[in-house]
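In what follows, a single structure is set out as structure tokens and then discussed.
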Amino acid sequence: MAEDQSSEFKIKISSTGDTLGVPSDKSVLAVLNENGYRVEHSCGHGLCGVCKVRVLEGEPEHKDMVLSPAEQSEYMTTCVSRSRSAEIVLELGPPSEGGEAIPISPVAVVDNSICVGCLTCVRACTFGAASIDPHLVGVGGIMGAATINDEDCTGCGLCAASCPTGAIDLTRFANQEIVSQFDELLGSGVPVANTPRVVVFACPSCPASIEKFTSDPSRPVDLKVVEMPCSGRVDNFSMLKAFEYGADGVIVSGCEPGKCYFNAGNTNAAKRVRRTEAWLDNVGLGANRVQMLHLPQDGAEPFRRAVQEMADELRPVLRGGLPKQTLSGADTGKSEVVAEEVKAAEDAFLREIGVI
């Protein structure tokens, strides 16, 4: 592994003496993987920005606000290790004999058979991982379909949530994985009288605030938490499906404006929440059943107030957290009306994107 003099960026491995050149079109992490070095990280959980890799030398720019000032002098996040303009020295174990190390990480995947090459994912991705490959065959045999660069993809889900045809999904936090949680959280058990069932789509920056609330036995709602890699992963279908499975209210929790780790995730989520509010209002369910919360790092009190206000608004029109089997027609009367209203909201979404 000779030193590459043509590369302006170099990685020095202090434990082995190797120096690796990083071409301008590759990331640090990719070069390490290609040369058999396994970088310890926790990318398998899909919560980008919470992993740590020790830095012995160098001055990385820290974006991870979870790290304390003391930790920031010792660690860099895996995402920072994708940096393409610096020189760092790492202490890693010897390279594996099995060749390239391929980390298991959540990334976006494209079903070309239903991709229309509309460029929506390209505009949504803030890391430049999405592009249109003119050589791929899309829906109906058209030339040109979306492709995702695994090295640059952070698994945030912004592209999947914005895709109008559902051609993009994630290897973690997949659409079916999200829906299956509704069935687990809302499809069983008997609703508590006068207690709204509220689904919270929680971004990684909000768990402490939410956990403090859920541990309180006197909480005014039956709270169901669905973890997401970013609030920008929450699409309109996920919100509407929560109601179909029996939720009385939905909260999307994200970072404060300007502080999203993925740049535009929280603002995209807020736009979708406003759209869902309009659909629910138009079909008679009420816009107050869905809410976007921008929480600070210590957001336990704002979260508690928001949930309390939602509970107070929902209680007079409570439908009892109807389980999915009730919405599907096992009961009559009010449940059938609610099912029709949710279906109407879903149809409004499909008409808006041109599917029906």
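The values are calculated or read from the model by the stated rules, or taken from the named source; none is laboratory data. Note that the structure is predicted; figures quoted are calculated from it, not measured. Here Cβ is always computed from backbone atoms with ideal geometry, including for glycine, and neighbour counts include all displayed protein chains.
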Check: Is region 98-111 home to any residue that is modelled with pLDDT under 90, polar (S, T, N, Q), within 30 Å of Pro296 (Cα to Cα) and not in a loop (DSSP other than H, G, I, E, B)?
Finding: no
Note to self: Can you find a residue that is surrounded by fewer than 23 Cβ atoms within 10 Å (Cβ to Cβ) and in contact with a Cys (Cβ under 8 Å, 6 or more places away or on another chain) anywhere in region 167-188?
What the structure shows: no
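If you take the residues of region 127-141 that are small (Gly, Ala, Ser) and free of Cβ contacts under 8 Å to residues at least 12 places away in the same chain, which of them is farthest from Cys163 (Cα to Cα)?
The extreme case among them is Gly141.
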Next item on the list: Looking at (1) within 30 Å of Ala108 (Cβ to Cβ); (2) buried (at least 19 other Cβ atoms within 10 Å of the Cβ); (3) in contact with a helix residue (DSSP H, G or I) (Cβ under 8 Å, 6 or more places away or on another chain), find the lone condition where Asp248 falls short.
Entry: (1)
Note to self: Kindly evaluate Thr165 against the criterion of being outside the structural domain of Met228 (by TED's automatic domain parsing), more than 15 Å from Asn112 (Cβ to Cβ), at pLDDT below 95 and among the polar types (S, T, N, Q).
What the structure shows: no
Check: Quick one: which of Leu285, Leu293 is assigned by TED's automatic domain parsing to the domain that holds Asp222, in a strand (DSSP E or B) and not small (Gly, Ala, Ser)?
Finding: Leu293
Checklist line | Subset of region 278-312 [surrounded by 19 or more Cβ atoms within 10 Å (Cβ to Cβ) and of a type in the set (D, E, K, R)] | finding: Arg289
Item checked: Matching residues in region 211-250 - criterion: being touching a Leu at 6+ places or on another chain (Cβ under 8 Å), in a helix (DSSP H, G or I) and under 13 Å from Val307 (Cβ atoms) -> Phe213, Thr214
Checklist line | Identity of the residue in region 256-275, buried (at least 22 other Cβ atoms within 10 Å of the Cβ) and more than 20 Å from Glu309 (Cα to Cα), that ends up farthest from the chain's Cα centre (by Cα) | finding: Arg272
Notebook entry, point to check: What number of residues within region 296-305 are part of a helix (DSSP H, G or I) and either of a type in the set (S, T, N, Q) or touching a Ser or Thr at 6+ places or on another chain (Cβ under 9 Å) (or both)?
Noted result: 5
Next item on the list: Give the residue, chosen from Thr276, Thr267, that is touching a helix residue (DSSP H, G or I) at 6+ places or on another chain (Cβ under 7 Å), at pLDDT 90 or above, closer than 22 Å to Cys121 by Cβ and β-branched (Val, Ile, Thr).
Entry: Thr276
